[in-house]
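Where a number appears in this text, it was derived from the coordinates with a stated rule and is not lab data. Quick caveat: nothing in here was measured; it's all calculated off a predicted structure. As a convention, Cβ positions derive from the backbone with ideal geometry for all residues, glycine included, and neighbour counts pool all protein chains shown.
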Amino acid sequence: MEKIYIGVAWPYANGPLHLGHMCGAYLPADIFARFNRIKGNEVLMVSGSDQHGTPITITAEKKGKIPEEIAEYYHKIHVKDLKRLGISFDLFTKTTTENHTRVVQGLFRTLYDNGYIYPKKVQVLYCPVCKRYLPDRYVEGTCPFCGNKNAKGDQCDECGKTLDPVNLTDPRCKICGSIPKIRESEHLFLKLSAFTDRLSEWVEKNNHWRASVRKFTKKWLANGLRDRAISRDLSWGIPVPVDGFEDKTIYVWFDAVTGYLSASIEWAKIRGDKNLWKEFWKDERVKHYYFIAKDNIPFHSIIWPAMLMGYGGLNLPYQISANEFLKLGKDQFSKSTGVCIWVQDCLSALNPDVLRYCLTVTMPETKDSECKPYKFIGYNNSELVGNLGNLIHRILTFTHKNFGSVPRPGPLIKQDEELLERIDVTFKEVGDFIQNCHFKRGLKSIMDLAQTGNKYFDQASPWKLIKSDRERCGTVLYCTLRLTKAISIMLEPYLPFTSEKIWKLIGYEGNIGQHRWNEALTEISPGQKLRKPKILFKKLDFCAIFEHPFGNLDLRLAKIVSVEAHPNADKLWIVTADLGMLGQRQLIAGLKPYYSREQLLNQWIVVLTNLEPRKLRGYQSEGMMLAAQDGEKVSFLTLDGKGQPGDQITVDGIMPQPKTLLGIQDFQQVELTIDDKGLVMLEGKALRTKEGKIKTSSRVRAGSKIC
Ligand SMILES: [Zn+2]
Ligand SMILES: [Zn+2]
């Protein structure tokens, strides 16, 4: 048995948690923690709400509240969302506790006494209009490194560099927009430069880190470590415990990272043994894992380790699992820019395991990944319902109905042995993947095993055997129940609620969490009574949060009534299209090199009618005529079957709810392709009118894109 410490990034309590938080830190940390617990390791996983700092005061000022109110309000929401999603913290606390204040001040004081904190006069920004100092996030301006116009005073989200407000080019006060003045003020600094050699040596040793983390950290070190201001002219925060600086507070990054330690101390007190935290922090054999998003790397690979080195006697990070960003379209998930999908909204539409599944599949482990919530419905319906849920349900209903309990197996044949071997192989794979923080691949292995199980069940056809050979039928079911048991255990880190349900259905008492990872490979006792099967996952329809972007398009069937040459362009036709009840539209189409007037006149075409009108060489285009192109040929889309001008074009299962006017990027989000019969497809389904289908007018290569 090992002891494992897991520290997870502290979310600012200035808004609810969004899917980016979950994918980036909480869910991977939870999968890792659950895996280690079920393996029999002793885990301490902590985090909490970051309640201090300017993100909170700015939100409070905007809403006309005091910082405490905002911080408490969102802390409660964090706790609730994490619990509903099954994130199994041993303690999720906050930075406004007395314990935390004491630990932060203690650490601060020790670093000061050890000579790692010193005072220095610096230039700070002061807003003459607001009559106040402007620490970090009260200033915005242009990043001096990459030119990003909206860099925050403490950090540029574009290039990832940490900044000082006075270094911003054209800084502006975030509250009133005026240009701040530079003033002098005395602040305390952390002597980061003093740790350069020790940190470099330590980073060199950690060659098990993710490549991205190592690279980022080494670059930081190579650029030279600069001492960092550690106090602020701000009243909301932990007071600096040094004479002469009582009116200043400790900078929030110092405050927040110390939470990893303070939360452990608080946890020990709650457990009733105030020294218990030392077993995790002072025993060098205990590995410390941190789960964060990539914008947090320097704080965990340089600054926090430096603080720990300066304090002495505490464990340094062993692994820093930093995920890339989850994006929505081109933008990074962010509370400050409002590019977000909230966890609470998703949980009102999806069961927590479905959300955990979708987030794991989307997890930005090695590169930024794009979150497409409409795909969640597909993951649920085809992967959870269609593969996993289907497998477990057919095994359990059939066995329950015909045997009632786990059948006693007869002699195993080759196919049975192969299935059991496959369980073995998957078991090893999944364990290795999770241990190395490749969570997506671990889940994929389990789902592949479920698919193998479905094939085995189909081939063995127990519904036929039950009539011809009851013993053989029992053997097949016994093997599938072994599979079910293994899947139930391997799923526990990923889908804990479902895993627990399966565990109960196959007749076990007690919580699956009290059982062990290795039991995935052990026997299931013949004669063990099965409980009445229940459906694990339900098919989902489309709902507001997970609206498919196709639903935004108003695509209509139209008939071309006239074609004129564009007077100012060689390649453009001016097409007039009849849309029936919707009237006639003028469209500018770049089809002249491919189609003559005669080839177009009277043809059925597909028009995107709610595209913002735009002028092309002086003539207005009131919509877009769709065509497919494969790099050589271009073919407009037309109708195969019957139709009327103005007929709506739809895809089964997606409710059309066109937005009034779209930009071209809204259309480009929808990935329409051509299949080998020339039909226009969206994710495997054909575009259609009531009585016909949409196809290309001439042959283009399958897989062609629509433009
Ligand atoms: Zn930048
Ligand atoms: Zn101002």
Practice task
Using only Cα atoms, locate the centre of the stretch 433-506 and the centre of the stretch 93-128, then give the distance between them in Å, rounded to an integer.
Solution key: 54 Å
Exercise for the section: Only residues of the stretch 644-685 count here: report those whose backbone N is under 16 Å from the spot 7 Å along Cα→Cβ of R701, or say none. Expected result: 673-678
Handout entry: Dipole axis of the chain (+1 Lys, Arg; -1 Asp, Glu on Cβ), positive-most option in V252, A628, L44
Key = A628
Exercise for the section: Taking every pair of Cα atoms in the chain, average 1/r, invert it to obtain the Kirkwood radius, and report Rg/Rh to two decimals. Expected result: 1.04
Completion exercise
Contour minus Cα-Cα span, K677 to T522, at 0.36 nm per residue, comes to 50.8 nm
Exercise for the section: Please give, to one decimal in nm, the separation of the simple spin-label points placed at S200 and K65, each 7 Å out from Cα toward the Cβ. Expected result: 4.8 nm
Completion exercise
Per the 1/(1 + (r/R0)^6) rule, R0 = 45 Å and r from the Cβ atoms of E421 and E547, FRET efficiency to 0.05 is 0.55
Handout entry: Theoretical FRET efficiency, 1/(1+(r/R0)^6), r = Cβ-Cβ of L601 and K375, R0 25 Å, to 0.05
Key = 0.05
Practice task
Find the percent of Cα-Cα distances in the stretch 113-250 that exceed 20 Å, and round it to a whole number.
Solution key: 56 percent
Completion exercise
Computed over the stretch 640-707, the convex hull of the Cα set has an average projected area, in nm², of 5.2 nm²
Practice task
Please identify every one of the chymotrypsin sites (Phe, Trp or Tyr not before Pro) in the stretch 25-89 that sits in a loop by DSSP and has no more than 14 other beta carbons within 10 Å of its own beta carbon.
Solution key: none
Practice task
Using the number of other C-beta atoms within 10 angstrom as an exposure proxy, rank S698, S49 with the fewest first.
Solution key: S698, S49
Fill in the blank from the handout: One point scatterer per Cα, no solvent, Debye formula: log10 I(q)/I(0) for the stretch 1-155 at q = 0.14, 0.16 Å⁻¹ comes out as -0.94, -1.12
Practice task
Provide the packing ranking of 634-647, 613-626, i.e. peptides ordered by the mean count of other C-beta atoms within 10 Å per residue, highest first.
Solution key: 634-647, 613-626
Fill in the blank from the handout: Fewest to most Cβ atoms within 10 Å: T660, T484 sort as T660, T484
Handout entry: Spin-label model distance (nm) - E186 vs K330, 7 Å beyond Cα toward Cβ
Key = 4.9 nm
Fill in the blank from the handout: Rg/Rh of the stretch 373-521 (Cα atoms, Kirkwood Rh), to two decimals, equals 0.97
Practice task
Any chance you could check the Cα centroid distance between the stretch 309-363 and the stretch 166-182 for me, in angstrom?
Solution key: 31 Å
Practice task
Please name which of I182, V213, S200 has its Cα lying farthest along the dipole of the stretch 113-250 towards the positive end, using unit charges on Cβ (Lys, Arg +1; Asp, Glu -1) and the Cα centre as origin.
Solution key: V213
Practice task
With a 10 Å radius around each residue's Cβ, average the other Cβ atoms per peptide and rank 415-426, 597-608, 383-394, highest first.
Solution key: 383-394, 597-608, 415-426
Exercise for the section: Would you mind pulling out the separation of the Cα centroids of the stretch 529-583 and the stretch 186-236, in Å? Expected result: 52 Å
Problem - Computed E for K401/K218 - FRET, C-beta separation, R0 51 angstrom, nearest 0.05 - result: 0.25
Exercise for the section: Determine one quarter of the surface area of the Cα convex hull of the stretch 548-706, which equals its mean projected area, and express it in nm² to one decimal. Expected result: 8.6 nm²
Exercise for the section: With label points built 7 Å along Cα→Cβ from the Cα atoms of K534 and W463, find their separation and express it in nm. Expected result: 2.5 nm
Fill in the blank from the handout: The exposure ranking of R109, R232, R214, fewest beta-carbon neighbours within 10 Å first, is R109, R214, R232
